[in-house]
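Shown next, in structure tokens, is the structure this report addresses.
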Amino acid sequence: MNDSYVNRSGLRGKFSAILALVLVLVLLLPALPKASAAPSGTPSVRVGTVAGAPGTYIDVPVFFDSNSSDLYVYRSDIAINYDPNVLEPVAGDEAAISGLVRAIDSNALLLVDKATTGSLKLRLTLTGFIEDSSELFTLRFKIKEGVPAGDSSLTVVQGQLYEDVNPVSADLVSGRVTVSPSGNAAIEIGSASIKPGEDGIVSVPVKAKLDKEVASYGIRIKSDPDAISYDGIVEQGFMSNYDNTDGWLIVSWLDLTGGDSPIPASQDAQTLFTIKFAVEDDATIGDHALTIETPNDVRELTFTYVHAVEMNNTVANGKVSVVVPPAAPALVTATPGDGKIGLTWPVVPMAEAYKVYLYEGEAGPDDVNDWVEIAGGVSTNAYTAEGLANGTSYVFAVKSVNLSGASGLSPASEAVAPVSVPGAPTNFNATPGSGTEVISLAMAAVRAV
């Protein structure tokens, strides 16, 4: 690296002018008593302390603390050792200049030397100066899977700060990463339905099952802006923002008491908030997904428990459905068994469940009210009707069902009668002969019907 430095700062020039003026005054006024300089502190380079769970990513801040040293810093050379058995620098994203430094100098440059496993050497260079204590940059690590809970040191082994071409040695304050057992958050985005052209608002709850208390969360939900728009949030104590042009909603919450009022752990899903949607008049028929597109990206989904440790998150996405009642199945096929009849029918688009109806006879009834519902909420396109009388004829029909309603009855199946299954033959005998064998048996009687 080039250690030469050219002073291009107007601020630096002002200080040079002030220093020259002071020297002139000293020369012109030799009789004035000399003031003794107040003792200055020693600047320090300090690494922060963070916590995380195995498998998660963490950002560790690195600070310059002025400690009243009156030091103006345009460059820092810092080396930090870490335990490679616990931490793994994120390839290509090992360190990032802080937002404060970027605000001071958009041309700031950070070089990272990661050639030695277990050590990061970082040089930050500015075209201006940092004069107050501030965060210089952050280190980004992944905590390795399977590592035990405990503290892992981040040791500062070099901390040199530059005001001019000569380095100033800083006090070194090391940090640590606390590895904590990760909690689990199972997020459930609900579903709702509405009929085409139906006025009104649909509400979709967002719930979570939590095995640890939660201190903060952030959720970004994507939707179809051509079909639905956000109309509001039902809940208190959080912040939200949305964009109905691009179709997204961000909701965040933080325990402002510092840990006294977290969201409690629960085995049952608890409602975090409820979203209100308005459905466009020309929304297409069908499902419009509500999704967290990248659940492993903390910019889209983050849950932390009280020690600010990221939790393991799973997501069940939801939907808003613009629905019409489904069509009826085109046919029903009946297959007899012993005291039962198996039924199948084609899958019906937009059907969420089926109802099965029975009529005792050789054909469907003339009055639809004579059909008897024997099953509701059947989730597949098959059902077995049991407890039937062998030898008695039955016909069946099916309705398709979704949140908008039910279809009419399907055409009736052919009349089918359950049949008995004959027992195994008894009194089996074989009589040997000359090149032949005589076999006799008694057939089991078929049960009367």
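No lab work stands behind these numbers, since they all come straight from the coordinates. Please read these numbers as outputs of a predicted model, since none were measured by experiment. Here Cβ is always computed from backbone atoms with ideal geometry, including for glycine, and neighbour counts include all displayed protein chains.
Structure notes:
- Thr117-Thr245 FRET efficiency (beta carbon distance; Förster radius 41 Å; 0.05 resolution): 0.30
- For segment 136-248, relative contact order (Cα pairs under 8 Å, six or more residues apart, normalised by length) works out to 18 percent.
- Computed over all pairs of different Cα atoms, the Kirkwood value for the hydrodynamic radius of segment 366-408 is 12.6 Å.
- Separation of the Asn317 and Lys340 label points, Cα + 7 Å toward Cβ, nm: 3.7 nm
- Backbone HN-Hα couplings from phi across segment 374-383 [Karplus 6.51/-1.76/1.60, Hz, Gly and Pro as x]: 10, 7, x, x, 6, 8, 10, 8, 8, 7
- Debye, to nearest 20: dipole size of segment 53-175, +1 on Lys, Arg Cβ, -1 on Asp, Glu Cβ: 420 debye
- Simple spin-label estimate for Gln270 and Thr155 in nanometres, 7 Å along Cα-Cβ: 4.3 nm
- Net length gained if the chain between Val173 and Arg299 were fully extended (0.36 nm per residue, minus Cα distance): 42.3 nm
- Stretch gain in nm, segment Glu280-Thr380, where the contour uses 0.36 nm per residue and the Cα spacing is subtracted: 32.9 nm
- Between segment 217-281 and segment 106-131, the C-alpha centres lie 39 angstrom from each other.
- Inter-site label distance for Asp226 and Arg102 at 7 Å from Cα along Cβ, in nm: 3.4 nm
- Charge-dipole axis of segment 83-186 as Lys and Arg at +1 and Asp and Glu at -1 on Cβ define it, positive-most pick from Leu161, Thr125, Ala91: Ala91
- Residues whose amide H falls under 5 Å from that of Thr56, counting only those 5 or more places apart or on a different chain, are Ile143, with hydrogens built in the peptide plane.
- Cα centroid separation, segment 366-415 to segment 51-104 (Å): 68 Å
- Close amide H contacts of Asn184 (hydrogens built in the peptide plane, cut-off under 5 Å, sequence separation of 5 or more or a different chain): Asp211, Lys212, Asn312.
- Column: log10 I(q)/I(0), Debye, Cα scatterers of segment 40-179, q = 0.10, 0.16, 0.19 Å⁻¹: -0.32, -0.78, -1.06
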